[in-house]
Amino acid sequence: DETGLTKTLNDFFTSLQALANDVSSDAARQVVLSRAEALVQRFNTVANTIDTQQAMANQQLSRLTEQVNIQARKIADLNQQIINRQVDGGSDLLNDLLDQRDNAMRDLAKLVSFSSLESGDAVNIYIGAGQPLVLEGVANEISTIDASDGSGSKVIVITFNGRQTEMTDRISGGSLGGMLQYRDQILNGFESGINRLALSLTQMFNLQHRAGVDLNGQQGENFFSSLNADALMSGR
């Protein structure tokens with residue numbers, strides 16, 4: 001109740017009802033203005049909180065992609081060691097290397113969903129839409145870069161043969177998939193809902209307010225600043 005919008009919305013409309021019951025009361029009008037200001041501040045606080053969470057999610061995505069790379073390099077290195085052991089005919093440490101690779105694959109599964117395919121003595125790892133993360137003794141890196149839409153959001157790319165391929169929508173499972181789902185579905189969905197509510201409230205309330213008159217019989221003006229005012233647009 002102390003951080004959401006419901007209470008401040010209810011307080012605002014309650015003050016309007018009180019004013020409707022006594023339209024000439026300066027005190028009641030002042031309460032409406034005070035409750036409206038509190039509502040505006042609450043909208044801004046919620047928006048700032050969402051922005052902070054999105055920034056934290058982007059930071060976490062960068063950290064998680066590096067953890068994926070660490071496990072990928074470990075699997076690739078173990079692949080090469082296992083291949084070398086098989087070629088050399090040495091078997092003393094082979095079982096231990098196989099166990100280490102299995103453990104690295106289990107650790108990778110905690111970070112992201114993947115498919116695996118045996119290639120001789122190596123195991124190749126594929127993520128996203130089949131992009132190769134590990135090919136025998138070589139690990140390809142994934143990373144986060146700024147989205148091309150200028151939103152400040154991060155997208156996930158994989159670098160293979162010197163080319164970057166964006167694969168954000170194809171990542172699922174593990175900590176990395178969970179963080180993407182939190183950011184793109186929960187946070188972004190909540191932000192869209194807040195934006196629609198702010199826009200609807202502003203437009204409809206201003207429309208009604210302009211249809212009335214003030215204490216001096218003058219035509220009403222906008223009550224809330226337009227979301228498309230020059231100052232607000234420049235701030236965005």
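The values are calculated or read from the model by the stated rules, or taken from the named source; none is laboratory data. Quick caveat, the model's predicted, so the values are computed rather than measured. Don't worry about glycine lacking a Cβ; one is built from the backbone with ideal geometry, like all the others, and counts go over all protein chains shown. The area values use the complete protein model at the heavy-atom level, side chains included, leaving out ligands, DNA and RNA. Shrake-Rupley method; radii C 1.70, N 1.55, O 1.52, S 1.80 Å.
If you go through the stretch 176-199 one residue at a time, do you hit one that is open to solvent by 60 Å² or more (accessible area, probe 1.4 Å) and in contact with a helix residue (DSSP H, G or I) (Cβ under 7 Å, 6 or more places away or on another chain)?
Yes, the stretch 176-199 contains at least one residue that is open to solvent by 60 Å² or more (accessible area, probe 1.4 Å) and in contact with a helix residue (DSSP H, G or I) (Cβ under 7 Å, 6 or more places away or on another chain).
Output the residue which, of all residues in the stretch 204-221 that are without any contact (Cβ under 8 Å) to a residue 12 or more places away in the chain and of a type outside the set (Gly, Ala, Ser), is farthest from residue 51 (Cα to Cα). Lay out the reasoning, then the answer.
If we filter the stretch 204-221 for residues that are without any contact (Cβ under 8 Å) to a residue 12 or more places away in the chain, which is where we start, we get 204, 207-208, 211-214, 216-220.
Retained after the next criterion (residues that are of a type outside the set (Gly, Ala, Ser)): 204, 207-208, 213-214, 216, 218-219.
On the way: 204: 26, 207: 29, 208: 31, 213: 38, 214: 38, 216: 42, 218: 40, 219: 38 Å.
Within the stretch 204-221, the match that is farthest from residue 51 (Cα to Cα) is 216.
Select from the stretch 92-146 the residues that are at positive phi and out of contact with any helix residue (DSSP H, G or I) (no Cβ under 6 Å at 6 or more places or on another chain) and write down the one among them that is modelled with the highest pLDDT. It would help to see each step written out before you state the result.
First, pick out the residues of the stretch 92-146 that are at positive phi: 120, 128, 130, 136.
Those still in the list that are out of contact with any helix residue (DSSP H, G or I) (no Cβ under 6 Å at 6 or more places or on another chain) too: 120, 130.
Values: 120: 89, 130: 92.
Only one residue fits best here, namely 130.
Which residue, of 13, 43, is surrounded by 18 or more Cβ atoms within 10 Å (Cβ to Cβ) and aromatic (Phe, Trp, Tyr)? Step through it out loud before you land on a result.
Values: 13 fails: surrounded by 18 or more Cβ atoms within 10 Å (Cβ to Cβ).
Of the residues listed, the single one that is surrounded by 18 or more Cβ atoms within 10 Å (Cβ to Cβ) and aromatic (Phe, Trp, Tyr) is 43.
Does residue 200 qualify as being under 30 Å from residue 82 (Cβ atoms) and hydroxyl-bearing (Ser, Thr, Tyr)?
So residue 200 does not fit the description; no.
Find the residue count for the stretch 150-180, including only residues that are among the polar types (S, T, N, Q), within 19 Å of residue 110 (Cα to Cα) and touching a strand residue (DSSP E or B) at 6+ places or on another chain (Cβ under 7 Å).
Restricting attention to the stretch 150-180, the residues satisfying the condition of being among the polar types (S, T, N, Q) are 151, 153, 159, 161, 164-165, 168, 172, 175.
Restricting the remaining residues to those that are within 19 Å of residue 110 (Cα to Cα) gives 168, 172, 175.
Next cut, touching a strand residue (DSSP E or B) at 6+ places or on another chain (Cβ under 7 Å) only: 168.
Adding up the residues that qualify gives 1.
So the check is Cβ under 9 Å with 6+ separation or different chains; which pairs have a first residue in the stretch 10-35 that's in contact (Cβ under 8 Å) with a residue 40 or more places away in the chain and a second one that's open to solvent by 70 Å² or more (accessible area, probe 1.4 Å)?
As it stands, the answer is 24/215, since those pairs meet every condition given.
Which of (1) surrounded by 14 or more Cβ atoms within 10 Å (Cβ to Cβ); (2) not in a helix (DSSP H, G or I) is the odd one out, the single condition residue 4 does not satisfy?
If we test residue 4 against (1) surrounded by 14 or more Cβ atoms within 10 Å (Cβ to Cβ); (2) not in a helix (DSSP H, G or I), just (1) comes out false.
Can you pull out the residues in the stretch 148-165 that are open to solvent by less than 100 Å² (accessible area, probe 1.4 Å) and under 22 Å from residue 71 (Cβ atoms)?
Of the residues in the stretch 148-165, the ones open to solvent by less than 100 Å² (accessible area, probe 1.4 Å) are 150-160, 162, 165.
Scanning the stretch 148-165 gives 154, 155, 156, 157, 158, 159, 160, 165.
Say whether the condition of being charged (D, E, K, R), more than 19 Å from residue 130 (Cβ to Cβ), open to solvent by less than 80 Å² (accessible area, probe 1.4 Å) and in contact with a helix residue (DSSP H, G or I) (Cβ under 6 Å, 6 or more places away or on another chain) is met by at least one residue in the stretch 207-216. Outline the logic, then answer.
Here is the first cut: in the stretch 207-216, the residues charged (D, E, K, R) are 210, 214.
From what's left, more than 19 Å from residue 130 (Cβ to Cβ): 210, 214.
If we keep only those that are open to solvent by less than 80 Å² (accessible area, probe 1.4 Å) too, we end up with 214.
If we keep only those that are in contact with a helix residue (DSSP H, G or I) (Cβ under 6 Å, 6 or more places away or on another chain) too, we end up with none.
No.
Any chance you could count how many residues in the stretch 25-40 are open to solvent by less than 50 Å² (accessible area, probe 1.4 Å), more than 33 Å from the chain's Cα centre (by Cα) and among the aliphatic types (A, V, I, L, M)?
Selection size over the stretch 25-40: 2.
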